[in-house]
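A.B. asks: Structure provided below as structure tokens; questions to follow.
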Amino acid sequence: MNDDGEFVVFISHGKSHLWKDVARYIENELEFRTVILAEAINRGKTVIEKLEEETEDCDFAVILMTADDETRARQNVVHEIGFCQGKLGRENVLVLLQTGVEKFTNISGIVYEEFTGDNIKSTFHRISKELEDAYEEFSEE
């Protein structure tokens, strides 16, 4: 948790608009603050600098792997999975995987929830469970 005691969730996504539904759900229903890299001010920073800075106060990451450029996730999304696992811990990263998106070879070591088409709402129960569990763990520390 950050210095203000709030639980903060980083959201990574490709071109799909589905991340907006996820962010609204996390903010309005679960009442956790979200951080969206694409909405951060650049101020001459590289993407990796922004990623490092924007995840500084985050406790958990929800990452959407959607079929943006073919049937595979954008490469920045795959990179952000690894980055967030390293920074936040594997147990604090949930990948939302759109059915039909190519799974990279070592995805079996990643917690992910699969969804079909644009039905991102089918993942909300899992998001809720994962975030509430992580929040409880952070609250006990």
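The values are calculated or read from the model by the stated rules, or taken from the named source; none is laboratory data. Not measured: the values here are computed from a predicted model. Cβ placement follows ideal geometry from the backbone for every residue including glycine, while neighbour counts extend to all protein chains displayed.
A.B. asks: What tally of residues in the range 24-50 results from selecting those that are surrounded by 12 or more Cβ atoms within 10 Å (Cβ to Cβ), closer than 12 Å to ILE11 by Cβ and at pLDDT 90 or above?
C.D. replies: Result for the range 24-50: 8.
A.B. asks: Moving to a separate point now. Could you list, in sequence order, the residues of the range 80-132 that are in a helix (DSSP H, G or I), farther than 15 Å from ILE63 by Cβ, out of contact with any helix residue (DSSP H, G or I) (no Cβ under 6 Å at 6 or more places or on another chain) and of a type outside the set (Asp, Glu)?
C.D. replies: SER108, LYS121, SER122, HIS125, SER128, LYS129
A.B. asks: Which residue out of THR116, THR71, THR66 is at pLDDT below 90 and surrounded by fewer than 14 Cβ atoms within 10 Å (Cβ to Cβ)?
C.D. replies: Sole residue among the options that is at pLDDT below 90 and surrounded by fewer than 14 Cβ atoms within 10 Å (Cβ to Cβ): THR71.
A.B. asks: Hey, can you tell me all the residues within the range 9-47 that are under 12 Å from the mean Cα position of the chain (by Cα), outside any strand (DSSP E or B) and within 17 Å of PHE60 (Cβ to Cβ)?
C.D. replies: Those that are under 12 Å from the mean Cα position of the chain (by Cα), outside any strand (DSSP E or B) and within 17 Å of PHE60 (Cβ to Cβ): HIS13, TRP19, VAL22, ALA23, ILE26, LEU37.
A.B. asks: I've got another one for you. Here are some residues: SER139, SER108, SER128. Which one is at pLDDT 90 or above and of a type in the set (S, T, N, Q)?
C.D. replies: On the way: SER139 fails: at pLDDT 90 or above; SER108 fails: at pLDDT 90 or above.
So the residue among SER139, SER108, SER128 that is at pLDDT 90 or above and of a type in the set (S, T, N, Q) is SER128.
A.B. asks: Could you give every pair whose Cβ atoms fall below 8 Å, whose first residue belongs to the range 111-133 and is over 19 Å from CYS84 (Cα atoms), and whose second residue is at pLDDT below 95 and among the aromatic types (Phe, Trp, Tyr), counting only separations of at least 6 or pairs across chains?
C.D. replies: SER122/PHE115; THR123/PHE115
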